[in-house]
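Here the structure is laid out as structure tokens; the discussion comes afterwards.
The values are calculated or read from the model by the stated rules, or taken from the named source; none is laboratory data. Model, not experiment: these values are computed from the prediction. Every residue, glycine as well, gets a Cβ built from its backbone with ideal geometry; the counts of neighbours run over all protein chains shown.
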Amino acid sequence: MLMASATRTNRANRTPAAPGRPPSRAAALWRSSVGKKAVMAVSGLLMLAYLVAHMLGNLKVFFGPDDLNGYAHWLRTIGQPVLHHGWFLWLARPVLLAAVVTHGVAAYQLSRRDLKARPQQYVHRRRQSTYATRTMRWGGVILGLFVVWHILDLTTLTVNPAAEEGHPYQNIVASFSTWYGGGIYCVAMLALGLHVRHGFWSAAQTLGVNNPRRDRALKAAANGLALLLTAGFLSVPVAVMAGLVR
Amino acid sequence: MNLTLRIWRQQGPDTPGEMTEYRVSGISEDMSFLEMLDTLNEELILRGDRPVAFDHDCREGICGACGMVINGQAHGPERTTTCQLHMRHFEDGDTIDVEPWRAGAFPVVRDLVVDRSALDRIIGSGGYITAPTGSAPEAHATAVPKEAADLAFEHAECIGCGACVAACPNGSAMLFTAAKVVHLNVLPQGAPERASRVRNMVGAMDAEGFGGCTNTGECATACPKGIPLTGIARLNREFLRS
Ligand code: HEM
Ligand code: SF4
Ligand code: FES
């Protein structure tokens, strides 16, 4: 039976090779499932590095309005006098935007491929893997929506109850004082913790830096990083809602 | 032991299938899972029914033919092949679900038999070394560092059973491909084709319609030969540096 079946070729679901010139290195990378995943890992790690800095900056809230607002002002002076006032932020934004978009597009395309590769589910289902691993897709969607909300709330101030330009401290307090402002933020930060918990270790695996000796250390680092980020980010809305930061 | 079996029955590749219930009795706990199915099939034949089709060959855990999903687990509750799984791991009166490997790249041929030739085509795209054949070379002609030899041996254990694909929620063949790529790429004999091998094999894997890796780890948990999950990290590294 095996030999009989092994000689049967099933060409119907094989994708034909693209005609014409061989693809460039970058195109070949993006086209392969392994390469696309590497793009995801790099864009994810880039966002992660940004988020660590962002979280640490947020903690300035605990030192009062002058400290935080002064810090926000300083961010706009980075690179001066070579750069003009505020240019550093405008240079960072396209990079972050590109990271979010490539990460999301790669996630979407890879997920489509993955779902197609298992067209029929098992009748006898079993709970698989960890919660963090299983929630990467929906958790990612939550994060994507949160990024949009967050920008409308505290960058463009479109939906912010205070909307005082140049006074982030007052805007933060106003946003987190509403039940939805604080609620959305808290849910998103829990999702972020789960995403990073699987994502950091997964990125090490994807980029080929994991090996049997490092495996446990990388998993511990992923857990530590996830906990630190979530706790750090959450401390601000919790303090506002508890009335410690006003 | 008396058991209730619910087995996926499907006449051919293009006909719909369904889970069908059977009862078997007089099963000894020393029987293998395949011997238990043989017992069922003998009864079915005596009754004039069509026996359950399943793949098998060596029945000693080395050929990788006997894949089936038992109670939602590839090769059942123990980390071994179905032919080496003994009935003592089940209880009298159990109901056992038996399904074929499920993956887009593994179409069902009949009942529990799937077409795993997609794995053969991945091997065909680079899972070998190009060398003049003839009499066996002198064993010490090419020195192999101990660490590389151990790594190659560990990954060479893969028997191509496809349990990794069956267990993966994405129907991904990354663990299989990793086993083959790492086995050859860490050896000096495999070095000349190191880059083209990994690129071609990953390309073939994608072309067959296998899913991508989300580092879920179900594959390595299911693998009867203990191919490690970190093998996939090595495959990724080989691919990215090629
Ligand atoms: C735009 C919203 C986002 C979406 C839709 C999304 C979705 C995903 C998905 C589907 C995966 C693959 C999961 C898997 O392999 O099982 C993933 C991995 C990852 N994500 Fe996100 N994510 C988003 C935002 C973020 C953010 C804000 C970060 C930064 C902390 C991040 C960091 C990572 C990392 C490091 C990985 C691991 C990459 C790898 O497996 O190699 N993601 N994401
Ligand atoms: S890696 Fe393990 S599970 Fe996958 S085909 Fe090889 S032996 Fe089977
Ligand atoms: S029949 Fe050969 S491994 Fe099971």
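So is A:Gly70 among the small types (Gly, Ala, Ser) and touching a residue at least 24 places away in the same chain (Cβ under 8 Å) or not?
Against the criterion (among the small types (Gly, Ala, Ser) and touching a residue at least 24 places away in the same chain (Cβ under 8 Å)), A:Gly70 does not qualify.
Yes or no, residue by residue, for (1) at pLDDT 95 or above; (2) exposed (fewer than 15 other Cβ atoms within 10 Å of the Cβ); (3) closer than 24 Å to A:Ser235 by Cα:
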{"residue": "A:Val95", "(1), (2), (3)": "yes, yes, no"}
{"residue": "A:Ala99", "(1), (2), (3)": "yes, no, no"}
{"residue": "A:Val105", "(1), (2), (3)": "yes, no, no"}
{"residue": "A:Arg112", "(1), (2), (3)": "yes, yes, no"}
{"residue": "A:Ala117", "(1), (2), (3)": "yes, no, no"}
{"residue": "A:Ala132", "(1), (2), (3)": "no, no, yes"}
{"residue": "A:His167", "(1), (2), (3)": "no, no, yes"}
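Is at least one residue of segment A:201-213 within 30 Å of A:Ser175 (Cβ to Cβ), within 14 Å of another protein chain (Cβ to nearest Cβ), within 11 Å of ligand 1 (Cβ to nearest atom) and among the aromatic types (Phe, Trp, Tyr)?
no
Criterion first (more than 15 Å from ligand 3 (Cβ to nearest atom), more than 13 Å from the chain's Cα centre (by Cα) and either among the acidic types (Asp, Glu) or outside any loop (DSSP other than H, G, I, E, B) (or both)) does B:Asp120 satisfy it?
Spelling it out, it is not the case that B:Asp120 is more than 15 Å from ligand 3 (Cβ to nearest atom), more than 13 Å from the chain's Cα centre (by Cα) and either among the acidic types (Asp, Glu) or outside any loop (DSSP other than H, G, I, E, B) (or both).
Has segment B:143-154 got any residue that is outside the structural domain of B:Glu99 (by TED's automatic domain parsing), part of a helix (DSSP H, G or I) and crowded, with 24+ Cβ neighbours inside 10 Å?
No, the conditions are met nowhere in segment B:143-154.
Looking at this structure, is B:Ser172 of a type in the set (Gly, Ala, Ser), away from ligand 3 (no atom under 16 Å from the Cβ) and in contact with a Cys (Cβ under 7 Å, 6 or more places away or on another chain)?
The answer is yes for B:Ser172.
In segment B:208-242, which residues are facing another protein chain (nearest Cβ under 7 Å) and aliphatic (A, V, I, L, M)?
Of everything in segment B:208-242, those that are facing another protein chain (nearest Cβ under 7 Å) and aliphatic (A, V, I, L, M) turn out to be B:Ile232, B:Ala233, B:Leu240.
Look through segment B:187-205, keep the residues that are surrounded by 22 or more Cβ atoms within 10 Å (Cβ to Cβ) and within 12 Å of another protein chain (Cβ to nearest Cβ), and return whichever of them is nearest to B:Pro100 (Cα to Cα).
Only one residue fits best here, namely B:Met205.
Checking B:Gly160 against (1) within 12 Å of chain A (Cβ to nearest Cβ); (2) surrounded by fewer than 24 Cβ atoms within 10 Å (Cβ to Cβ); (3) away from ligand 3 (no atom under 16 Å from the Cβ), which single condition isn't satisfied?
(3)
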